[in-house]
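Contents: one structure, followed by commentary.
Only the coordinates and a few stated rules stand behind these numbers; no lab work does. Since this is a predicted model, take the numbers as computed values, not measurements. Cβ placement follows ideal geometry from the backbone for every residue including glycine, while neighbour counts extend to all protein chains displayed.
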Amino acid sequence: MVVRICTGHVGTTAGDGATDRQSVRSVLKLMSVRAFLISTLFAVAIAGCAKEPEDYRPDIDPEERQLGAEQHPLLLAEFGGSYDAPEALYLKGLGEKVAVPANLAGQCTFTLVNSDVVNAFAVPGCYIYVTRGLMGIVNSEAELASVLAHEIGHIVADHGERQQKRSLWRQLGVLAVGLVTGSEALTRLAGNAAGYFTLRYSRNQEYESDDLGIRYLTQAGYDPNAASDMLAALARNEQYMTRTRGQDDAKSIPEWARTHPLTENRIERSREAAAATGAGNLPENERAFLREVDGLLYGDDPAQGFVMGRRFAHPVMRIGFVAPQGFTLTNSPQAILIDGPDGLRGEFGGGRMPPGGLDDYAAAVVDQMLRGAPAQAGQPQTSRSNGIPLLILPVVVGTQQGDVQITVAAYDAGSGSAYHFVMASQPAEATAAALRELFLSFHLLTPQQVAALRPRRIRVLSAGRGDTAQSLAGGMASDHPLEHFLMLNGRSADQPLRPGELVKIVAFAGARP
Ligand SMILES: [Zn+2]
């Protein structure tokens, strides 16, 4: 999971079995490594300047609308698909409510994305996305409305348009999906060239959207203080992720958590803007919201596989691997994103085994990634990983920033299924040992291991007399139950629970809390 609101997206997973869709997926999931190369060719200048309030006239022109409609299914395919449950209808209804004061009633498409990554983003054409990961850490209807209002702010202030020249968007075609949304996956894999690919909104653009969002939130009838509460919830989640990952492996704290915290300053600024509206007595609708999210899938979707620290396991494909110390895994819909030390980056994915076997599969992975870019393939090596046939193919690609070493490890998992790692690094001896450890960790899961991989859901409980945070946290399916409980509910350990108060816990699906 990754935390980010409007500053980048992310995603989660490997494919889901040997289906024809996978040929499409293979192309999509290789985009990020292509970005590593293509990023050397483009530089995007970002300019931001504040507007006076009366200058905001939402105009979604037909071309933007069409582009948004074209990108929508591709975006969903990349980020995990839509989460089609009652929560999605609730989100749409709430979005419409907030769109009214922005003069965008009936003009936006609100989608709940099936990803545990904590994120929300807006795409020109007024396509607005919220992940179920984000919905899980929200504690009131007003907080969720503040996220939607903030995203609508980006649309109204035309940040996407200012950030991204449309010609460039078109030029890059499918690849632009990641650009427009500031895809975390693409940005991360862009490596040294990340600066060129940085499509995060500027701080001033975030402030501008915060201000617009608070205006729409208030006009839609919600307590404007929910905006700063929401930013605080995001910060809490980010701190929790950093801390719990830190206990597992200090080096695995992702870069975004170290360099892009949700600053106290932004939270404070939002609090002051809310106070200035003089509308602090509007409702937050906590209970209505909590009843809506009862049962929401939490964490990894079994169909996309489970990331547990440095370990990945897929109960449907029945495969897994363990990354070496110092590596970070992120479950994205198209691939498992892998970050290692010294700028080592790559992905894990799968596809159908071609008739020509592993040689052809590895060659296809390289071809799809490079698209004819000049490259020199080395000698393929064959071996086995936990009994599974393995082929390792090294390729050197020349870029403007020097040689990049690409290493493909392809596996024949039987029954026509193939899997692969594709890792990019600057050529260095030190990374070879880490890659070898990673490649040799690939294995098939035992039936017992498959059975242990169960989905988790949000459960909403009513606190009874004598219940404490500690007692309720006891029912959490989490490695850090109390900390996790406090983060999810925005509480401190010494804050007493009122009888009848609703709180969220995370429990295994089917388990009685
Ligand atoms: Zn934003």
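Once the Cβ-Cβ distance of Ala451 and Ala373 is raised to the sixth power relative to R0 = 45 Å, the FRET efficiency obtained is 0.55. Relative contact order for region 377-513: 18 percent, from Cα pairs under 8 Å spaced at least 6 residues apart, divided by residue count. In this label model, Val396 and Gln381 are separated by 1.6 nm, measuring between points 7 Å along each Cα→Cβ vector. Annotation: amide H of Arg345 within the under-5 Å range of Gly340, Ala424, sequence separation 5 or more or interchain, hydrogens built in the peptide plane.
The Asp84 and Glu437 beta-carbon pair, evaluated with R₀ = 41 Å, returns a calculated FRET efficiency of approximately 0.55. Amide H contacts for Ser417 (H built 1.01 Å from N in the peptide plane; partners 5 or more residues away or on another chain; cut-off under 5 Å): Met353. Close amide H pairs (under 5 Å, H built 1.01 Å from N) link Met308 with Ala313, residues at least 5 positions away or on another chain.
Segment Ala430..Ala105, full-extension length gain: 111.4 nm, with 0.36 nm per residue of separation and the alpha-carbon distance subtracted. With θ set to phi - 60° and the Karplus curve 6.51 cos²θ - 1.76 cosθ + 1.60, what are the ³J(HN,Hα) couplings of region 143-148 in order, to the nearest whole Hz, using x for Gly and Pro? Residue by residue, region 143-148 yields 5, 5, 4, 5, 5, 5 Hz. Region 365-400 and region 430-454 have Cα centres lying 20 Å from one another.
Taking label positions 7 Å along the Cα-Cβ direction at both Ala275 and Asp59, the computed distance is 3.8 nm, reported to one decimal.
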